[in-house]
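Here's the structure, in structure tokens; my notes come after.
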Amino acid sequence: MSIYKSCDIRGPVSELSPELYRKWGRILGRKLDSDAVFIVGGDVRESTPMFLQMLAEGLLEAGAAVVDLGIQPTPIVYFAKRYAQATGCAAVTASHGPPDTNGLKWMIGDLPPTEGDVRALQEAAEVEPDEAPDDAVEGSHIVNHVVSEYEDWLWERWAAAPDPPGRRVVIDPGNGCWSVRARYYLVDLFSNLRLMALHDEVDGAFPSRSPDCARPEHLHKLAEAVVREKAHLGIAFDGDGDRVAFVDETGHVLRAEEATWILLQSFAAELSRREFVYDLKFSDQMAAAASGFGANAVAERSGHTFIRSRMIRDGALFGAEISGHYFYEELGGGDDGLFTACRMLSFLAASGRSLAEWRGDCPAVYMTPDLRVAVEEGGQDAVIEMVAAAFPEQPQSRVDGVRIDFLDGWALVRSSVTAPEITVRFEGRSSEALGRVVDVFSGATGAFGERVRSLYETQSNTEV
């Protein structure tokens, strides 16, 4: 698979190089006005410092004014762009990917890059020379970590929030960007917290767990610690700090639907006549919950860029992606795992209820995870069109791939952006309805449907 994805760059370090980051820097720098400021930073991966240095050098060779934050959580890179009113920013990171990967996220102007922008960067890099031209105009380079500014902003936003008295919390930064920092900020903001930490040392090899906090199997140690310490809450972050996951006092790792439903309750009446942008892979219960508060629920294609862009274009109040990104109007449509943790802590304190109590009120969801079917490289579109043609009478949505709506559920079929695979997801109004939807789908889609049914049955037996 190409390192150039639909909304960013990610891939094995073996397919990246310092020279490539330098080229990307020059190409991005040429898109800037002469007086534009560009923010750069990167995550804790062992390959990041060199890649970040070369990215900055490329920008400087294009004449950009570079503000170099060094190793920082991705949310602080975006914060610095807002704070400095900079034209653009970039983070050297593979986010939740394994330690032997890296990548690049960037933004010029107010919107993340489009698929066309990513393709344009790829095409430009293929013809960009290794060395800068002799007449290159050197830009300016400033090192500024903005740590105190971010801390001041957090304090201004959350200092007046309810402080949960005596609440015991276990955090798990997973050796990533929020190691040490999250503990420091949370204790400073919520002085009554009794805070414990796991995997709280910065280590770009991520020896303690995967940097992907969206998978419950990666959070077993956190769940065990919450129960062992009789804590009220567990909080986990991903490698670069923009995703977050929660564990309740029973050791249950919340599904993204459960966390999103609770965060929707934290907004309540604020949602009236406002937009809530949600990942189309979510249960329909998310749209129903937001609509119950008078919000206009807008389904969007999975992916940070797509949801953030929709947040900005629609002026939405809140948005959520199933991988643990939560987006806010007050962050310029962006996301920040620590900010979401603060919102959850504040809401629980104000409500006087525990996370498990709120979770108990969440509507039941009868849904599969992504069922991944390998296909030939480049063959995803043909499979999607085959599925669409198999259900000519059923309502269909083409936001991403194809979603087929049935009387008691739906099926979503879309291309994976990370591998030559088709991902299929089902929801039913009940467990029996879920089974019926899978039966109807697999019966109408031939050999592909039988492969999907086999994956569904294997997943169901594993859960049992």
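Here is a check on your reading of the model: is Glu151 in a loop (DSSP other than H, G, I, E, B) and either open to solvent by less than 20 Å² (accessible area, probe 1.4 Å) or over 23 Å from Ser351 (Cβ atoms) (or both)?
no
Could you tell me which residue of the stretch 166-185 is most open to solvent (accessible area, probe 1.4 Å), considering only residues that are over 25 Å from Arg45 (Cβ atoms) and in contact (Cβ under 8 Å) with a residue 40 or more places away in the chain?
Per the criteria, the residue is Arg168.
Among the residues of the stretch 403-410, is there at least one that is outside any strand (DSSP E or B) and open to solvent by 70 Å² or more (accessible area, probe 1.4 Å)?
Checking the stretch 403-410: at least one residue is outside any strand (DSSP E or B) and open to solvent by 70 Å² or more (accessible area, probe 1.4 Å).
Are any residues in the stretch 130-144 in a loop (DSSP other than H, G, I, E, B), surrounded by fewer than 16 Cβ atoms within 10 Å (Cβ to Cβ) and touching a residue at least 12 places away in the same chain (Cβ under 8 Å), and if so, which ones?
Answer for the stretch 130-144, where residues must be in a loop (DSSP other than H, G, I, E, B), surrounded by fewer than 16 Cβ atoms within 10 Å (Cβ to Cβ) and touching a residue at least 12 places away in the same chain (Cβ under 8 Å): Asp130, Ala136, Val137, Glu138, Ser140, Asn144.
Quick one: would you say Glu57 is part of a loop (DSSP other than H, G, I, E, B), open to solvent by 10 Å² or more (accessible area, probe 1.4 Å) and not aliphatic (A, V, I, L, M)?
Taking the combined requirement at face value, the residue does not satisfy it.
Would you check if there is a residue in the stretch 282-291 being among the charged types (D, E, K, R), touching a helix residue (DSSP H, G or I) at 6+ places or on another chain (Cβ under 8 Å) and either buried (at least 20 other Cβ atoms within 10 Å of the Cβ) or assigned to a helix (DSSP H, G or I) (or both)?
The answer is no, given that none of the residues of the stretch 282-291 is among the charged types (D, E, K, R), touching a helix residue (DSSP H, G or I) at 6+ places or on another chain (Cβ under 8 Å) and either buried (at least 20 other Cβ atoms within 10 Å of the Cβ) or assigned to a helix (DSSP H, G or I) (or both).
With the stretch 302-380 as the region, which helices (runs of 4 or more DSSP H) entirely inside it contain at least 1 residues that are closer than 24 Å to Pro211 by Cα and open to solvent by 10 Å² or more (accessible area, probe 1.4 Å)?
304-314, 337-351
Which ones in the stretch 217-244 are acidic (Asp, Glu) and part of a loop (DSSP other than H, G, I, E, B)?
Within the stretch 217-244, Glu229, Asp238, Asp240, Asp242 meet the criteria.
Residues Gly174, Gly166: which one is part of a loop (DSSP other than H, G, I, E, B) and within 22 Å of Ile322 (Cα to Cα)?
Gly174
Looking at the stretch 94-108, I want the residues that are touching a residue at least 24 places away in the same chain (Cβ under 8 Å) and within 13 Å of Gly239 (Cα to Cα) and have a partner that is open to solvent by less than 50 Å² (accessible area, probe 1.4 Å) and aliphatic (A, V, I, L, M) with Cβ atoms under 6 Å, at least 6 apart or on another chain. Which pairs are those?
Pro99/Ala205; Asp100/Val13; Thr101/Ala94; Asn102/Val13; Asn102/Leu16; Asn102/Ala94; Gly103/Ile9; Gly103/Ala94
Given the conditions (1) exposed (fewer than 15 other Cβ atoms within 10 Å of the Cβ); (2) modelled with pLDDT of 95 or more, and given that Asp188 satisfies all but one, which numbered condition is not satisfied?
Tallying (1) exposed (fewer than 15 other Cβ atoms within 10 Å of the Cβ); (2) modelled with pLDDT of 95 or more, Asp188 fails exactly one: (2).
Checking Thr260 against (1) open to solvent by less than 10 Å² (accessible area, probe 1.4 Å); (2) more than 27 Å from Leu407 (Cβ to Cβ); (3) among the hydroxyl-bearing types (Ser, Thr, Tyr), which test does it fail?
Going through (1) open to solvent by less than 10 Å² (accessible area, probe 1.4 Å); (2) more than 27 Å from Leu407 (Cβ to Cβ); (3) among the hydroxyl-bearing types (Ser, Thr, Tyr) one by one, Thr260 breaks only (2).
Output yes when any residue across the stretch 110-118 is within 21 Å of the chain's Cα centre (by Cα), at pLDDT below 95 and farther than 24 Å from Gly11 by Cβ, and no when none is.
Looking for residues that are within 21 Å of the chain's Cα centre (by Cα), at pLDDT below 95 and farther than 24 Å from Gly11 by Cβ, one finds at least one in the stretch 110-118, hence yes.
Condition first: outside any loop (DSSP other than H, G, I, E, B), of a type in the set (Asp, Glu) and out of contact with any Cys (no Cβ under 8 Å at 6 or more places or on another chain). Can you find one or more residues in the stretch 251-264 that meet it?
There is no residue in the stretch 251-264 that is outside any loop (DSSP other than H, G, I, E, B), of a type in the set (Asp, Glu) and out of contact with any Cys (no Cβ under 8 Å at 6 or more places or on another chain).
Hey, does the stretch 207-216 have a residue that's open to solvent by less than 10 Å² (accessible area, probe 1.4 Å), among the polar types (S, T, N, Q) and part of a loop (DSSP other than H, G, I, E, B)?
There is no residue in the stretch 207-216 that is open to solvent by less than 10 Å² (accessible area, probe 1.4 Å), among the polar types (S, T, N, Q) and part of a loop (DSSP other than H, G, I, E, B).
Counting only residues that are in contact with a helix residue (DSSP H, G or I) (Cβ under 9 Å, 6 or more places away or on another chain) and farther than 23 Å from Val37 by Cβ, how many does the stretch 134-150 have?
0
Of everything in the stretch 411-457, what is closer than 30 Å to His304 by Cβ and part of a helix (DSSP H, G or I)? Give them in sequence order.
Listed by number, the residues that qualify are Leu434, Val437, Val438, Phe441, Phe448, Arg451, Val452, Leu455, Tyr456.
Can you tell me which residues in the stretch 19-52 are open to solvent by 40 Å² or more (accessible area, probe 1.4 Å) and either touching a Leu at 6+ places or on another chain (Cβ under 9 Å) or in a helix (DSSP H, G or I) (or both)?
Answer for the stretch 19-52, where residues must be open to solvent by 40 Å² or more (accessible area, probe 1.4 Å) and either touching a Leu at 6+ places or on another chain (Cβ under 9 Å) or in a helix (DSSP H, G or I) (or both): Glu19, Arg22, Pro49, Met50.
Specify the residue that is surrounded by the most Cβ atoms within 10 Å (Cβ to Cβ); the eligible residues are those in the stretch 61-118 that are hydrophobic (A, V, I, L, M, F, W, C) and in contact with a Cys (Cβ under 6 Å, 6 or more places away or on another chain).
The selected residue is Val77.
Quick check on Tyr4: is it touching a residue at least 12 places away in the same chain (Cβ under 8 Å), open to solvent by 30 Å² or more (accessible area, probe 1.4 Å) and hydroxyl-bearing (Ser, Thr, Tyr)?
Yes, satisfied.
The values are calculated or read from the model by the stated rules, or taken from the named source; none is laboratory data. Keep in mind it's a predicted model, so treat the numbers as computed, not measured. Note that we place each Cβ from the backbone using ideal geometry, even for glycine, and neighbour counts take in every protein chain shown. Note: accessible area is taken over every heavy atom of the protein model, side chains too, but ligands, DNA and RNA are not part of it. Shrake-Rupley method; radii C 1.70, N 1.55, O 1.52, S 1.80 Å.
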